Amino acid sequence: GDEHDRVARDTAFDRLVIEVDSNEFNAARRTGLPALAAFEAAGDRGMATVVGARLAMVDIVTGDPDAGLAAMARLADEARQNRQEEAGVTAFRDTAVMATRAMDYPRAAAALDEGLAYANSIQQSQCAHIMAALTAETAWAAGRWDEAIPFGEQAVVDRGCRRAPNMARWSL
């Protein structure tokens with residue numbers, strides 16, 4: 001029934017996260033594509049966005065960063081337009097993380113600018129805190145060290161999550 005289907009979708013998403021995080025990319029595609037279809041069929045656009053972003057991450061790390069980053073940016077923007085705040089702000093954050101990982105600093109900066117403004121507008125402090133720290137990290141990686149320092153210092157002292165100050169320290 002409906003409860004079984006919901007649990008199956010949620011379990012498929014959890015499995016997808018585990019497979020992406022453990023670099024099991026073929027398995028992630030095998031899990032993610034049916035999960036995406038299931039969330040879309042159930043009308044859960046927010047989770048379809050999150051699953052789509054995970055699949056785009058797979059594209060990025062398996063050799064197609066341009067297509068993967070474009071897909072992530074599109075998903076983030078669509079989620080924002082559809083008022084799917086949690087999925088949207090997370091997609092902006094993850095786009096910035098993956099763009100930094102791919103050393104596409106202009107795309108990371110664009111995702112950070114839009115994502116921070118969006119996170120602040122909906123008062124989502126956890127993703128905003130991570131994006132502030134990532135702004136410092138991206139500025140540092142792009143050789144803009146004087147710009148990285150104030151962002152890093154602010155991220156260290158702000159409250160939001162434990163992950164962000166640690167990220168900010170890398171750039172400091």
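The values are calculated or read from the model by the stated rules, or taken from the named source; none is laboratory data. Worth saying up front: this structure is predicted, and the values here are computed from it rather than measured. Don't worry about glycine lacking a Cβ; one is built from the backbone with ideal geometry, like all the others, and counts go over all protein chains shown.
For this structure, a couple of remarks:
- Complete set of residues in region 125-141 that are surrounded by fewer than 21 Cβ atoms within 10 Å (Cβ to Cβ) and either touching a residue at least 60 places away in the same chain (Cβ under 8 Å) or in contact with a Phe, Trp or Tyr (Cβ under 8 Å, 6 or more places away or on another chain) (or both): TRP140, ALA141
Listed here are the residues, each with its yes/no results for (1) touching a strand residue (DSSP E or B) at 6+ places or on another chain (Cβ under 7 Å); (2) in contact (Cβ under 8 Å) with a residue 60 or more places away in the chain; (3) acidic (Asp, Glu); (4) assigned to a helix (DSSP H, G or I).
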{"residue": "GLY43", "(1), (2), (3), (4)": "no, no, no, no"}
{"residue": "ALA48", "(1), (2), (3), (4)": "no, no, no, yes"}
{"residue": "LEU69", "(1), (2), (3), (4)": "no, no, no, yes"}
{"residue": "ASP77", "(1), (2), (3), (4)": "no, no, yes, yes"}
{"residue": "ARG80", "(1), (2), (3), (4)": "no, no, no, yes"}
{"residue": "MET98", "(1), (2), (3), (4)": "no, no, no, yes"}
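Yes or no, residue by residue, for (1) closer than 28 Å to GLY143 by Cβ; (2) surrounded by 24 or more Cβ atoms within 10 Å (Cβ to Cβ); (3) touching a Phe, Trp or Tyr at 6+ places or on another chain (Cβ under 9 Å):
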position	(1), (2), (3)
VAL58	no, no, yes
ALA67	yes, no, no
ALA76	yes, yes, yes
GLY88	no, yes, yes
THR100	yes, no, no
ARG107	yes, no, no
ALA110	yes, no, no
ASP113	yes, no, no
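- The residues listed here are ARG80, ARG29, ARG45; of these, the one that is at pLDDT 95 or above and basic (Lys, Arg) is ARG29.
- In this structure, ALA119 does not satisfy being within 25 Å of GLU19 (Cα to Cα), touching a residue at least 12 places away in the same chain (Cβ under 8 Å), buried (at least 19 other Cβ atoms within 10 Å of the Cβ) and not charged (D, E, K, R).
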